[in-house]
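*Asks:* One structure, pasted below without further comment.
The values are calculated or read from the model by the stated rules, or taken from the named source; none is laboratory data. Since we're looking at a predicted model, the values are computed, not measured. Heads up, the Cβs are rebuilt from the backbone with ideal geometry, glycines too, and the neighbour counts pull from every protein chain shown. For the accessible areas, the whole protein counts, side chains as well, though only heavy atoms, and no ligand, DNA or RNA atoms are used. Shrake-Rupley method; radii C 1.70, N 1.55, O 1.52, S 1.80 Å.
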Amino acid sequence: MKILVTGASRGIGRAIAEALARPGRELHLHARSVDALEETEALCRAAGAATVLHSADLSLTEDAVRLATEVADFDMLVNNAGVSGTERLPWEITPEEFAQTLMTNVLAPFILSSAAARAMLDRGGRIVDLSSGAAVTDRADSADYWVSKTALMRLGGSFHEAGHGRGLMVFEVAPGVVQTDMTLGMRMHDGRSQWTDPSEVSSIIAAIADGELDGLAGTHIRAGVDSLDELRVRAARRAGPGERRLRLTPWQD
Ligand code: NAP
């Protein structure tokens, strides 16, 4: 089984890579620099997985395209690499900042998911996007990030609609609030004392790799809220087309 995890150098990506590592699996680990992947690689090898390292700056289209061709025939893709937002009001964000966040958080996953889908159609395969509560809420600051996570979820919905009948399983997994370089650098988490344990998200993604949650393909899963036991029960009865999707909310009257 060949799996690409983007942004595997630290934070949630490292926890996911370690949880997916086992004998018989080839883990393709990505970051901007392969030097940053040393610790994750050691963890994956200790768990018995083979590893291949890739460097690519996903804010650059050409790097994302090259990474997609380097990995080629994957069985699973985890779109984890991402950047946080500007934490400024919409009109204070420059077009360049907005575009940079969208490139890394949406366009790069689009390029990688497209390559993965072409490899997986009629053969089977799984794509996991690291989503966020930002995909389904409104917020005054960081429009670049909020828009990016909503777009990523809608993109996952398109891949699901287009590919599910041909064996493609797409999952949007929000990790809760995990203490990482990203969240430690965000004003909105200043003073926070409650964090989601990274194992809550990595164990869900490990269960997805094992095919345990295929009945939930196309949905938004929330680590820290959805327990793995509950998700297994829900997967067995399969999610309906209106469950955990990005939809217009009704009027309240
Ligand atoms: P993190 O600790 O900041 O790690 C980010 C990862 O993405 C690193 O491996 C980094 O690699 C990579 N990355 C960043 N910019 C890149 C670029 N331009 N090109 C290639 N790789 C790049 O973040 P995290 O908290 O683990 O977040 C992981 C994912 O979960 C993100 O998509 C984030 O939006 C999502 N998420 C996180 C939380 C949370 O609570 N932490 C909540 C909701 C959603 P380098 O080593 O090259 O920098």
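*Asks:* Give all pairs with beta carbons closer than 9 Å in which a residue from region 218-232 that is under 17 Å from Leu130 (Cα atoms) meets a residue that is among the hydroxyl-bearing types (Ser, Thr, Tyr); count only pairs at least 6 apart in sequence or on separate chains.
*Replies:* His220/Ser131; Ile221/Ser131; Arg222/Ser131; Ala223/Thr196; Ala223/Ser202; Ala223/Ser203; Gly224/Thr196; Leu228/Ser203
*Asks:* Might you check whether a residue that is surrounded by 24 or more Cβ atoms within 10 Å (Cβ to Cβ), among the basic types (Lys, Arg) and modelled with pLDDT of 95 or more occurs anywhere in region 23-45?
*Replies:* There is no residue in region 23-45 that is surrounded by 24 or more Cβ atoms within 10 Å (Cβ to Cβ), among the basic types (Lys, Arg) and modelled with pLDDT of 95 or more.
*Asks:* Right, another one. Mind listing just one residue for me: the one in region 1-20 that is hydrophobic (A, V, I, L, M, F, W, C) and open to solvent by 10 Å² or more (accessible area, probe 1.4 Å) and, of those, nearest to the ligand (Cβ to nearest atom)?
*Replies:* Our first condition is that a residue be hydrophobic (A, V, I, L, M, F, W, C); within region 1-20, this holds for 1, 3-5, 8, 12, 15-17, 19-20.
Keeping just the survivors that are open to solvent by 10 Å² or more (accessible area, probe 1.4 Å) gives 1, 12, 15, 19.
Details: Met1: 22, Ile12: 4, Ala15: 8, Ala19: 13 Å.
For region 1-20, the residue satisfying everything is Ile12.
*Asks:* Taking helices (runs of 4 or more DSSP H) that fall entirely within region 133-237, which contain at least 2 residues that are open to solvent by 40 Å² or more (accessible area, probe 1.4 Å) and within 14 Å of the ligand (Cβ to nearest atom)? It would help to see each step written out before you state the result.
*Replies:* Working: elements: 143-163, 181-184, 198-209, 228-237.
By residue number, 143-163, 181-184, 198-209.
*Asks:* One residue is enough: does region 120-129 have a residue meeting the conditions over 27 Å from Thr196 (Cα atoms), in a helix (DSSP H, G or I) and of a type outside the set (A, V, I, L, M)? Show your work before the answer.
*Replies:* Taking region 120-129 first, the residues over 27 Å from Thr196 (Cα atoms) are 120-125.
Checking the rest, the ones that are also in a helix (DSSP H, G or I) come to 120.
Within this subset, residues satisfying the condition of being of a type outside the set (A, V, I, L, M) are none.
Within region 120-129 (the criterion being over 27 Å from Thr196 (Cα atoms), in a helix (DSSP H, G or I) and of a type outside the set (A, V, I, L, M)), the answer is no, since none of the residues qualifies.
*Asks:* Among all residue pairs at least 6 apart or on different chains, which show Cβ distances below 8 Å where the first residue, located in region 150-169, is free of Cβ contacts under 8 Å to residues at least 60 places away in the same chain and the second is open to solvent by 50 Å² or more (accessible area, probe 1.4 Å) and of a type in the set (Phe, Trp, Tyr)?
*Replies:* Leu155/Phe110
*Asks:* Here's a follow-up. Taking the options Glu87, Glu62, Glu97, Glu70, name whichever one is surrounded by fewer than 18 Cβ atoms within 10 Å (Cβ to Cβ), within 14 Å of the ligand (Cβ to nearest atom), at pLDDT 95 or above and assigned to a loop (DSSP other than H, G, I, E, B).
*Replies:* The conditions single out Glu87.
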